[in-house]
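J.: Structure in structure tokens, see below.
The values are calculated or read from the model by the stated rules, or taken from the named source; none is laboratory data. This one's a predicted model, so the numbers in the text were calculated from it and none came from an experiment. Every residue, glycine among them, receives a Cβ derived from its backbone with ideal geometry; neighbour counts consider all protein chains shown.
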Amino acid sequence: MKLGGYVLHRDNRDTLEPCLRSLLSLCDEVVALDTGATDGSAELARSMGARSVPHAWRGYGAARVAAVEALSPCDYVFFLDSDESLEPEALQALRAWKESAPTAAVYRLPRRDWAEVDGHRFLFRTQWRARLVRREKAVWHARHIVHEALPKMRGGRVQAPIDHRFATSVARRSAKEERYALLWALRAFSESRRLKPVAVQRVASWVRDCVLSGALFRGGSNASRLAWAVAGYHSAKYAYLRELRQGRYPELARTYAEGRYDELFTRVREGRLD
């Protein structure tokens, strides 16, 4: 069985090495999709044995399409984000999976989101994510500009935890969630998705991460502040969707509808919303 692996990156040299080491120790081929790095990340990838492929940024969906297309023929595709890595025990479990003649369309792995806030490192939450996908099922679309989930498929689970450097600053995480919320809303607006109550979404998310997932007991007040910032995404995305339905951000909506995703990301990053 042949396993192809990939990672998307830009200026991620501080976290890219352990990510690539994990992929290279498991996969038969690794593509590092360079979306505009200027910090030596592409050179690092090449020096470690990955195949560096340049790609102009047009969103996460288009980047994943390009990464899969760059891989040689393989049976399954495995991917990590540039701030994720695998411990030896996880690699051992994945090697055993690889030798087991897998047949399911997709396999999910637990991703452990680690936070490092004010000198305190704690496990924020664990979520199961589809990361091993049969090559013919690894289908993304350019319109999936953010939160580019694969279609729902029946599959299995592999107990091989992915360690994710989730947050090192509450303020930076909050700003990232705000950008993601707007991008999500633009896609949801184009697909005529229904609205949900804004305030309820934030409280429900905080309870889910802090109480049900146990972050509050592991991280205390730091976890609470981080969870509230993360929960802002769930309220902001519906607030933006409501504003779009009211006629706000017409140029952004037009840019998304016309598929000018590179321009869209630039406008959102620079705060040019109107």
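J.: Please state which one of LEU44, LEU123, LEU94, LEU132 is of a type outside the set (Gly, Ala, Ser), in contact with a strand residue (DSSP E or B) (Cβ under 8 Å, 6 or more places away or on another chain) and part of a helix (DSSP H, G or I).
T.: Exactly one residue qualifies, and that residue is LEU94.
J.: State whether the residues of the stretch 181-192 include one that is basic (Lys, Arg) and either closer than 29 Å to VAL117 by Cβ or free of Cβ contacts under 8 Å to residues at least 60 places away in the same chain (or both).
T.: Taking every residue of the stretch 181-192 in turn, none turns out to be basic (Lys, Arg) and either closer than 29 Å to VAL117 by Cβ or free of Cβ contacts under 8 Å to residues at least 60 places away in the same chain (or both).
J.: Only one of (1) touching a residue at least 24 places away in the same chain (Cβ under 8 Å); (2) closer than 21 Å to GLN127 by Cα; (3) not basic (Lys, Arg) is not met by VAL211, so which one is it?
T.: Exception for VAL211: condition (1).
J.: Would it be correct to say that LEU132 is crowded, with 20+ Cβ neighbours inside 10 Å, under 28 Å from SER52 (Cβ atoms) and within 15 Å of the chain's Cα centre (by Cα)?
T.: Criteria met by LEU132.
J.: Filter the stretch 243-267 down to the residues that are farther than 20 Å from HIS141 by Cα and surrounded by 15 or more Cβ atoms within 10 Å (Cβ to Cβ), then identify the one that is nearest to the chain's Cα centre (by Cα).
T.: Only one residue tops the list, namely ARG267.
J.: Continuing with this model, one more query. Give ALA105, ALA142 a once-over and let me know the one that is over 22 Å from LEU33 (Cα atoms) and among the small types (Gly, Ala, Ser).
T.: So the residue among ALA105, ALA142 that is over 22 Å from LEU33 (Cα atoms) and among the small types (Gly, Ala, Ser) is ALA105.
J.: Among the residues of the stretch 9-20, is any surrounded by 19 or more Cβ atoms within 10 Å (Cβ to Cβ) and part of a strand (DSSP E or B)?
T.: The answer is yes; a qualifying residue exists.
J.: State all residues of the stretch 141-159 that are more than 30 Å from GLU258 (Cβ to Cβ) and of a type outside the set (A, V, I, L, M); if no residue qualifies, say none.
T.: Scanning the stretch 141-159 gives ARG154, GLY155, GLY156, ARG157, GLN159.
J.: Just to be sure I understand the filter: pairs with C-beta atoms under 6 Å, separated by 6 or more residues or on different chains, first member in the stretch 246-274 and without any contact (Cβ under 8 Å) to a residue 40 or more places away in the chain, second member buried (at least 17 other Cβ atoms within 10 Å of the Cβ). Which pairs pass?
T.: Qualifying pairs under 6 Å: THR255/LEU264; GLU263/THR255.
J.: Quick check on the stretch 28-37. Is at least one of its residues at pLDDT 95 or above, under 16 Å from the mean Cα position of the chain (by Cα), within 27 Å of VAL268 (Cβ to Cβ) and of a type in the set (A, V, I, L, M)?
T.: yes
J.: Confirm whether HIS164 is part of a loop (DSSP other than H, G, I, E, B) and either among the charged types (D, E, K, R) or under 15 Å from the mean Cα position of the chain (by Cα) (or both).
T.: no
J.: Scan the stretch 99-118 for residues that are more than 26 Å from THR168 (Cα to Cα) and in contact with a Phe, Trp or Tyr (Cβ under 8 Å, 6 or more places away or on another chain) and report the count.
T.: Number of matching residues: 2.
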